[in-house]
Amino acid sequence: MKTDAVVVDDILKSFGGSKLRFGWRKPAEQRKPVVAVDHVSLRIHKNEIYGVLGANGSGKSTLIRLLSTLLVPDAGTVTIFGHDIVREERTVKRLLNRVSVEASFFKKLSPVENLMYATRLYGIPGVQARRDIRRVLEMLGIAPDRFDRPLEQMSRGMQQKVAIARAFLTAPVLLLLDEPTTGLDPRSKLDVQDFVLRLRNDHDATVLLTTHDMGEADALCDRIAILDRGRIVVEGTPSELRMQARTATQPDPSMEDAFMYFTGRSLEDAEQEEQEEKVAS
Amino acid sequence: MTIVNPPSVMTEVRASYAFVERNWNLTKRYWGWELAFFLYTIASSLSVIYIGKAQGTNQDALVLYLGIGTLVWAYLRAVFDSISEMISWERWEGTIEYTFMAPISRLTHMLGSALFSIVYGVLRTALLFAALALFVDLDLSRTNYWGALVVVLIGSLSFLGVGIMAAVLPLWFTERGAEMTFMISAILLLVSGVYYPISVLPGWMQPLARISPATYFLEGIRQTVIQGRSVLDLGPVLLPLLITGIILIPLGVWVFTQAEHWAKRTGRLKRNG
């Protein structure tokens, strides 16, 4: 029987909205809360790469930020390896790390300086950290002459690799990847994807990957959930999803076709609609 | 499943040092700005001191009085800013989420930032003092240096408490918090007797002066440097500073933790800028 690494049970998260009315505020009917994650439940098995596929604004990043302990759920529970993310926050923090779409570093500092800071926060001794940082950066294909130069002088792809090194160096058993390849060049994208697979295969990590890159989800993930307007509309292996999306006119659907089939709209349309709803609220 | 580096005192010490090392690295990388601010502080301090020198009577005492005011304020401002701006600064750099995801206590976070600011503040003030001494003669013949050091240490604790309380504002107010901490700093400058005795303030400002730890800090430094008073005579100055520190540091950390939870409920714990 497979062990559950993450159990998300009926979780709800909304933002904004106010019961108070002040003269300068918009009328109450225009200030309804925006539901970002709407009663989502899912289970991620240990050592699995689980993908969450959705348009921008579908709730993917909110889900990741909830699991990262950066948000507190309005309702529902999340446990990570049996630890509740609210009641056992510090234990949970030690188990996970995250790579977000923005590399998020002190840009004036070098990769080594940024990574020393990150590893010390996780209690890793300086001598060990210094040795591991150089080894991991080399493993990610970063030239040694870049190690001590400010990060602002590096390309976005390189910065994202340093972000992956930051997560890897703290030895997380759960790695949360929030669109880690968005905006990267094809070569960097492949490097990152290869590293994610190595993390799972060689280091026994469990990975939650959010993306709106259908090909990436198809290639990397053991199972995929499609998230639309904060709700999971379907979950299964990539082949199961494609199989379920088969129609007479589309006998061999791609993941993009599967997304359209389950959400009733293309990724571009979904993103456009989410954006319009965001502006309206 | 094993937890790597489980929580211990050692991991908290290492984590605390992370903030010291990071801030030192940032100081080195922004050396141009550091130099610019240093030169600006020398210029503004000298401007104030020369106002004292221009007064005809008892100018040496006035110069020392104003010199202490400028140096102590430069120190207090450095400590206050580095604590109160740690949130807005991380928001701006975009690292706030990663720092708050780290498995460390908020006290460790605060103390690490505070440790750097105190050590750096003391060194910077010593350099400022040396620079000012090149331009004006300061009569230090009666100075009780150990007494002054005690005032600096105890006074720094009280100012840390104020800084931690102020650091809550950028957590609550994503956009305006940094502006609010700047205003607090301005009010402290006005009411704490940096360049004049608080007796010249209007009556309604006097209570503000009495609750400002900077008032007691400055008074303690002036009593030890100008009058050479011993620590044993400094009870009326040290006691308020000590009480302020003992109350405000734990209270500040508690308020900060509550504000952090609120920020996590409302989604405000994120980058800005």
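Quick note: the coordinates plus some simple rules give every number you see, no bench work behind them. Since the model is a prediction, treat every value here as computed from it, not as a measurement. Positions of Cβ are generated from backbone atoms using ideal geometry, with glycine treated the same way; all protein chains shown enter the neighbour counts.
What the table shows:
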item	result
Size of charge dipole - the range B:37-266 - debye, nearest 20, with Cβ of Lys, Arg +1 and Asp, Glu -1, no other charges	260 debye
Antiparallel %, DSSP beta bridges [both residues in chain A], to 5	55 percent
Dimensionless Rg ratio for the range A:63-201, taking C-alpha atoms and the 2.2 N^0.38 Å reference	1.07
Antiparallel DSSP beta bridges within the protein assembly as shown, percent to nearest 5	55 percent
Residue of B:V48, B:V72, B:V63 that the Gaussian network model of chain B assigns the largest fluctuation, springs spanning Cα pairs under 10 Å	B:V48
Intensity falloff of the range A:171-225 expressed as log10 I(q)/I(0), Debye formula with alpha-carbon point scatterers, at q = 0.14 Å⁻¹	-0.33
Candidates B:T224, B:T57, B:T181: whichever shows maximal mean-square fluctuation once chain B is modelled as a Gaussian network with Cα springs under 10 Å	B:T57
The range B:35-46 - phi-based ³J(HN,Hα) in whole Hz, Karplus 6.51/-1.76/1.60, Gly and Pro as x	5, 4, 5, 5, 5, 5, 5, 4, 4, 5, 5, 5
Chain A: relative contact order as a whole-number percent, Cα under 8 Å and 6+ apart	25 percent
Karplus-derived 3J(HN,Hα), 6.51/-1.76/1.60, for each residue of the range B:231-247, Hz, glycine and proline x	4, 4, 8, 9, x, x, 9, 6, 4, x, 5, 5, 5, 4, x, 5, 7
Relative contact order of the range B:97-237, defined on C-alpha pairs under 8 angstrom at six or more residues apart (%)	31 percent
Whole-angstrom gap from the range A:199-259 to the range A:165-193, using each part's C-alpha centre	18 Å
Separation of alpha-carbon centers, the range B:129-144 and the range A:40-85, rounded to whole Å	61 Å
At R0 = 22 Å, FRET efficiency that the Cβ-Cβ distance of A:D4 and A:D194 yields, to 0.05	0.25
Within-13-Å neighbourhood charge of B:F37 [Cβ basis; K, R +1; D, E -1]	0
Nonlocal amide H pairs with A:V234, under 5 Å, H built at 1.01 Å	A:I226
Cα pair distances of the range A:4-280 binned at 10 Å [whole percent]	6, 27, 32, 23, 10, 2, 0
Unit charges at the beta carbon, dipole of chain A: most positive-side option, A:A248, A:L121, A:V207	A:L121
Nitroxide proxy distance, nm - points 7 Å out along Cα→Cβ at A:S266 and B:F37	5.2 nm
Helix axis angle, B:213-225 relative to chain B longest principal axis, alpha carbon, degrees	40 degrees
Relative contact order computed over chain B (Cα-Cα under 8 Å; 6+ residues apart), in percent	27 percent
Most mobile of A:D178, A:D194, A:D38 in a GNM of chain A (Cα contacts under 10 Å)	A:D194
13 Å tail of the calculated P(r), the range A:112-155, as % of Cα pairs	54 percent
Histogram of C-alpha separations across the protein assembly as shown, 20 Å bin width, %	19, 45, 26, 9, 1, 0
Net dipole in debye of the protein assembly as shown [+1 Lys, Arg Cβ; -1 Asp, Glu Cβ; about Cα centre; nearest 20]	1300 debye
Hydrodynamic radius by Kirkwood, which averages 1/r over all alpha carbon pairs of the range B:37-266, in angstrom	18.5 Å
Proxy reagent accessibility, fewest Cβ within 10 Å first, across B:I104, B:I118, B:I226	B:I226, B:I118, B:I104
Between 0 and 90°, nearest 10: helix B:106-133 axis offset from chain B longest Cα axis	30 degrees
Alpha-carbon Rg/Rh ratio, for the range A:122-243, with Rh computed the Kirkwood way	1.01
Under the span-like rule (Cα at least 18 Å along the axis, Kyte-Doolittle mean at least 0.0), DSSP H helices of chain A	A:156-169
